[in-house]
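First comes the structure, then the notes that go with it.
The values are calculated or read from the model by the stated rules, or taken from the named source; none is laboratory data. Every value quoted in this text rests on a predicted model; they were computed, and no experiment measured them. Ideal geometry is used to build each Cβ from the backbone, glycine not excepted, and the neighbour counts take in all protein chains shown.
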Amino acid sequence: MVFYQGKDKRKSYLCMSNFNLTNTMSLTFALIKERKSPPDKRVVMTPEQCLEFKTRFPEARLVVESSDIRIFSDQQYRDQGIEVQDDVSFADVFLGVKEVPISALVEEKAYLFFSHTIKMQPYNQGLMQAICAKKIALYDHETFVSESGKRLIGFGRYAGIVGAYNGFRLFGLKTKAFDLPKVEHLYDYDAVKQALSKVVLPDNFKTLITGRGKVALGAKEIVDHIGLHQVSPTQLLGGGNNGPSYAMLDLEDYNKHKEAKDFDRREFYQFPERYEGNFDRFTKVIDMFIAGHFYGNGAPQILTRAALAEPDCRIKVVADISCDIDGPVACTIRPSTIAEPFFGYNPHTHLETHVDAPEVIGVMAVDNLPCELPRDASHGFGEQFLAEIAPSFFDGDEEGVLSRAQITDSMGRLTPRFSYLQNYAACY
């Protein structure tokens with residue numbers, strides 16, 4: 001199976017290897033059932049967005065695999081005139097969210113899903129090897145980027161929204177000042193915002209958000225909705241009576257050059273070893289840390305064990321949306337779950353303990369946060385898919401979106417961009 005662009009560049013076709021390349025056929029797309037455990041209710045497109053897809057791309061066929069898991073019922077898709085079938089193995093392109101179990105992979109097809117393989121994650125090595133063996137063309141949602149490298153699609157905004165909400169929920173539990181319901185028990189984002197009316201914070205409450213991307217901006221939506229006053233990092237450190245307040249931190253705010261030179265973003269990305277962390281000074285003034293940054297390999301640690309163990313460390317809650325285990329945030333010693341989102345961290349022993357224990361820092365480190373808000377998260381993801389990804393299947397991939405994202409080709413071979421996975425994938 002190969003992608004073939006004919007003379008008419010307005011269309012691209014997915015042709016089976018037993019077809020002559022001069023014979024073309026329209027693509028059949030399938031929204032597949034999520035089979036990873038624990039169950040994930042999200043989907044690539046809502047029923048209304050599937051109708052929009054059919055309207056915009058009438059040359060394609062779209063089917064939905066029957067599912068009793070996703071947030072939208074089979075009937076909601078049927079009501080929009082969308083085919084729903086138990087068996088969609090005949091489709092050409094399979095659209096999913098989470099990893100597809102090896103046993104469910106259909107040979108010689110194209111798949112789009114979050115494979116969690118591009119960092120050579122050990123727990124998905126078998127999946128990567130199976131994709132190669134089954135001659136599957138893999139496109140990872142995480143690898144859909146613009147020519148400049150900017151991510152085109154993801155659930156980052158909703159990870160930030162749910163992560164920040166969970167941080168305040170944990171703060172209320174720790175201080176016994178207020179009680180928020182779990183996000184998964186709320187209908188949608190509007191209900192989340194209504195629930196936040198219960199939040200009552202001390203006048204000297206301070207928090208900060210690391211990052212400037214979609215995750216951090218999603219977290220900012222929650223903080224702004226609660227009514228915290230935004231100040232600069234310098235103002236946050238300086239104290240003063242600003243009422244409940246927060247700051248947004250970028251790389252230069254929590255990293256400094258070892259030789260006291262000015263921060264240079266390009267140098268930091270290329271030579272992170274020339275820099276050291278400068279975050280610890282904030283631990284003395286903030287009550288909660290919301291981690292929404294992207295962390296690159298080799299970068300300095302952000303929140304250290306030493307800083308957390310200092311007697312003047314004021315942090316009561318860490319909401320680690322980035323959730324890098326044993327990485328930049330020292331108290332993120334394991335991921336938590338939607339069912340049990342919080343655990344306690346003892347800064348003196350570096351061990352987990354009960355979240356309500358005295359002098360313990362509460363940690364939220366759920367690694368699949370958007371699953372708690374599946375209706376809104378699916379709608380947001382579908383908007384991005386229709387705007388940024390879907391057109392590339394029908395315009396000859398004019399912007400190179402598909403070619404940049406493709407990890408394996410139709411023979412299960414790594415593309416040049418991802419050749420660094422050769423030993424991990426054992427494709428050859």
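Before moving on, here are some points about what is shown:
- Any hit, segment 171-179, residues being in contact (Cβ under 8 Å) with a residue 40 or more places away in the chain and under 26 Å from Gly380 (Cα atoms): no
- Considered as a group, the residues in segment 24-81 that are within 22 Å of the chain's Cα centre (by Cα) and among the acidic types (Asp, Glu) include one that is surrounded by the most Cβ atoms within 10 Å (Cβ to Cβ), and that residue is Glu34.
- Complete set of residues in segment 298-317 that are touching a residue at least 12 places away in the same chain (Cβ under 8 Å), in a loop (DSSP other than H, G, I, E, B) and either outside the structural domain of Lys206 (by TED's automatic domain parsing) or surrounded by fewer than 16 Cβ atoms within 10 Å (Cβ to Cβ) (or both): Gly298, Glu310, Asp312, Arg314
- One residue stands out among those in segment 263-282 that are part of a helix (DSSP H, G or I) and under 14 Å from Asp253 (Cβ atoms): the one that is farthest from the chain's Cα centre (by Cα), which is Arg281.
- Whichever residue in segment 328-359 is small (Gly, Ala, Ser) and surrounded by fewer than 17 Cβ atoms within 10 Å (Cβ to Cβ) and, among such residues, is modelled with the highest pLDDT: Ala339
- Residue in segment 143-161 that is farther than 30 Å from Asp224 by Cβ, among the charged types (D, E, K, R) and more than 17 Å from the chain's Cα centre (by Cα) present: yes
- Filter result (under 22 Å from Ser37 (Cβ atoms), without any contact (Cβ under 8 Å) to a residue 40 or more places away in the chain and either in contact with an Asp or Glu (Cβ under 8 Å, 6 or more places away or on another chain) or of a type outside the set (D, E, K, R) (or both)) within segment 340-376: Phe343
- Within segment 389-409, tally of residues that are out of contact with any Asp or Glu (no Cβ under 9 Å at 6 or more places or on another chain) and either assigned to a helix (DSSP H, G or I) or of a type in the set (Asp, Glu) (or both): 8
- Scanning segment 90-123 for residues that are at pLDDT 95 or above and assigned to a helix (DSSP H, G or I) yields Ile102, Ser103, Ala104.
- Extreme residue, surrounded by the fewest Cβ atoms within 10 Å (Cβ to Cβ), among residues of segment 361-383 that are under 18 Å from Ala291 (Cβ atoms) and hydrophobic (A, V, I, L, M, F, W, C): Ile361
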